[in-house]
Structures are given as structure tokens and as C-alpha cells.
């Protein structure tokens, strides 16, 4: 069984939705793992959310192209957690949920606390925005 098949089986059996290449280094060298992830992205098992961040994929009902199994609002904070950042609700979201405002927050904004994040996490032209407090 080659590395691509081993990674595919591992991804299928996990409950995680977001993956980093470092999680698969037990299967082979860094270069071979990256090649296998690129192949899995090409065939539609995974989608790339950013540099070194992949998510499980499913075919789109409309176009048939691979899309993430969950929306970016769910996958963005999970990806940040894998990177060592503790994401929280944005200030606008917490104000809306507490009833302090009636303005519905738009976009995907995540509060990253005091962390400085410059990484782009997104899919199909939509990206997570970061808010620091």
C-alpha cells in the first residue's frame, strides 16, 4: 500500500475535519507526504484551505467539484487551533449574541486574542479575517 492510500484511509477514519502535513509524517518523508496530499487534493478527497492546511472534501451538489464538508465558519477556527491559536468569537458576534446590538455580523471574523496571525485561511475566494484584542 502506497503513502497516498495510507493517508486516504487515515483521513477517512478520523473525526477531524482539518489536517496538517505534519500529522502524516509517520507514513513517510515530508516530501512524499506533500506529494500524496497534492494527489488527494487533485482527486477530490481533500481541499486546500491554505499553506499546509487541508480539509476533508465532498463533491458539490451543484457543480460536482470538491468542496469542504463543513462551512469555512467551522473549519477556520479548527485550523487555527491546529496552528496553536485559541480562537474566540469576534466582538461583533458576541455583542449580537448578548443582545447589545441588532446588527447581524457578516463575513468570517475570528478573535485571535493577542496572537498575530498573517496566514490566509480560506476557500473559493472567501477568507477568514482576524481580530485582535
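The values are calculated or read from the model by the stated rules, or taken from the named source; none is laboratory data. These numbers come from a predicted model, not from an experiment. So basically every Cβ, Gly included, is an ideal-geometry build from the backbone, and we count neighbours across all protein chains shown.
Before moving on, here are some points about what is shown:
- The one condition from (1) under 21 Å from residue 81 (Cβ atoms); (2) out of contact with any strand residue (DSSP E or B) (no Cβ under 9 Å at 6 or more places or on another chain); (3) in a helix (DSSP H, G or I) that residue 4 does not meet is (1).
- Condition met for residue 47 (outside the structural domain of residue 114 (by TED's automatic domain parsing) and part of a loop (DSSP other than H, G, I, E, B)): no
- Every residue from region 17-44 that is out of contact with any strand residue (DSSP E or B) (no Cβ under 8 Å at 6 or more places or on another chain), assigned to a loop (DSSP other than H, G, I, E, B) and in contact (Cβ under 8 Å) with a residue 12 or more places away in the chain: 28
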